[in-house]
Amino acid sequence: MAVVQFMVSVDLSVVNLGLPRIAAGLGFSAVGLTWVIHAYALTFGGLLLLGGKIADRYGLKRVLLIGLTVFGIASFAGGFAQEPGQLVAGRALQGIGAAALSPAALALLTVTFPSGKARVRAYGIWSAVNAAGGALGVLIGGVLTEYAGWRWVMFISVPMAAIALALAWRGVTAAPPTAPGGRPDVLGAILATAGMTLLVFGVVRTDQYAWTSPVTLGTLAAAVALLAAFVWVERSTSRDPLVRLGLLANRSVAGANSYNLLLGAAMASCFYFASLYLQQVLGNSPTVAGVQLLPFAIGVIVGAAVAVKLGYRLPLRTMLIIGGLVAATGFAWFGLMSADGSFLADVLGPSLVTSIGFGLCLGPVVSAATVGVAPRETGTASGLLSSSRQIGASLGLAALGTAAHAHTGQTTTIEGLTEGYGLGMTLGAVLLVGAVLIAFTVLPRTAASAEHGGHDLVAEPEQPGRHVGTGPSS
């Protein structure tokens, strides 16, 4: 499962350093180029809930293998794109495959390690590989773009998918479906994906149409209407809803996903602005910029390892508060970047601080969002968590990228670009402070359980005797 998640994470960031050459090779416009990222993130995030439901109904291993196959085919086709629409379509199909395989992989992890120290260690390894894949994807993308051509940022996923498929085929034990009845709510998935796509589309186009323009207001109003229709369908459908709204009444699930939304927004923005700063301001090649972002991967692994150790002693809420504050500090440091700066002075230090903070958050937020969920809803809970991060990544990149561009204006001077990137990083720090406030106010007070392991939750005092473990939720 770690190999599977590494592949998915790599594909989220592997295109970043290749974007300038992709634009030149296929003739993307400045606004159209962002859809190379958004097409993947939106289909991935928007369809994850459906992917989780399908995994619950038809079997985790079966859906995992199908998702890996679709992912590999999409990567192969996208590498041969001859025009912008073909590449965007390939990225969207990659997102569909990822939406099937990712919740199945996380649900398999949850089922295999239901409690105790093994669960804490498994989530620590999974979260470290997950985040390291995102960081290493930048390096891989830089090397491939410079020495093999931008098409290899798509082709590289083909052998990774093949390896993951072989490992999953042999290493994962098939089990009966956890929720074999009911029909998945396809209409709800379409409404959710379309609503989020319109929302991002409206935000991204504010560089052309003002926030108060009829075009922007109409687009955002349509997005809100689609999302409201999604909620109505989930409440009234005769099919198996994508997410049982009662699941969100669980404070731990609701708090973890809200936290994760802001965490995903900040993470995506960090890679985006840091890679642009290294290339556009400091003048580094894609390969050098990729190497300079490697400390980010190291910091995430260190943070995840520390989270495993502290997870036996500290409550989840405390871990998420600490991790969020550390990451916010790194973002604020990034916000001080200067036009005449250097890698050592403006990138290395904040990269390590930010990445360690992320590493401290990733394992605990997964555990908080899945522990205590009934076995029949493990795929749904996993899909909901992954969905919140991907949707957060797309919305965060759209909002912060637009804010940075608006601050920079039409200038292409080094100073103007630096100010825009610095503003984006500062806003990322604000998002993380918001995540910390959510952890403090929404997540329940919990205590580490010496008997069951650090991230198995003990209920709040007002619910005496009720253990929130791995059994069915009330």
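Summary table
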{"read-out": "Difference of contour (0.36 nm per residue) and Cα-Cα distance, Arg183 to Leu294", "value": "35.5 nm"}
{"read-out": "Straight-distance crosslink candidates among lysines, where the alpha carbon sits under 19 Å from Lys309 and sequence neighbours closer than 8 are dropped", "value": "Lys117"}
{"read-out": "Calculated from backbone phi, Karplus (6.51, -1.76, 1.60) coupling profile of segment 224-229 in Hz, x at Gly/Pro", "value": "4, 5, 5, 5, 5, 5"}
{"read-out": "Amide H within-cut-off set for Asp240, under 5 Å, with H built and near neighbours excluded", "value": "Arg183, Asp185"}
{"read-out": "Helix 186-204 vs. the chain, principal-axis angle (Cα, 0 to 90°, nearest 10)", "value": "30 degrees"}
{"read-out": "Value at 222 nm in deg cm²/dmol, rounded to 500, when DSSP H runs of n ≥ 4 in the chain each add -39,500 (n - 2.57)", "value": "-24500 deg cm²/dmol"}
{"read-out": "Rounded to the nearest 20 debye, dipole of the chain from Cβ charges on Lys, Arg, Asp, Glu", "value": "1280 debye"}
{"read-out": "Helix 251-276 axis, angle to the chain major axis (alpha carbon atoms, nearest 10°)", "value": "20 degrees"}
{"read-out": "Loop sites in segment 311-352: chymotrypsin sites (Phe, Trp or Tyr not before Pro), DSSP, at most 15 other Cβ within 10 Å", "value": "Tyr312"}
{"read-out": "Value of relative contact order over segment 120-228, rounded to a whole percent, pairs C-alpha under 8 Å and six or more apart", "value": "18 percent"}
{"read-out": "Extreme residue, positive dipole direction of the chain, given options Val15, Gly97, Ala406 (C-beta unit charges)", "value": "Gly97"}
{"read-out": "0 to 90° range, to nearest 10: angle between helix 84-112 axis and the chain longest Cα axis", "value": "30 degrees"}
{"read-out": "Segment 185-239, relative contact order in percent, only Cα pairs under 8 angstrom and at least six apart counted", "value": "50 percent"}
{"read-out": "Lysines whose Cα lies under 17 Å from that of Lys61, excluding same-chain neighbours fewer than 8 positions away", "value": "Lys53"}
{"read-out": "Centre separation in Å (Cα based) which lies between segment 204-235 and segment 91-137", "value": "32 Å"}
{"read-out": "Among Ile66, Leu198, Ala265 - extreme Cα towards positive end, dipole of the chain, charges at beta-carbon", "value": "Ile66"}
{"read-out": "Along the chain, longest interval not containing exposed GluC sites (Glu not before Pro), exposed being DSSP loop plus at most 11 other Cβ atoms within 10 Å", "value": "1-450"}
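Each value in this text was obtained by applying a stated rule to the coordinates, not by laboratory testing. Predicted, not measured: the structure shown is a model, and the values here were computed from it. Ideal geometry is used to build each Cβ from the backbone, glycine not excepted, and the neighbour counts take in all protein chains shown.
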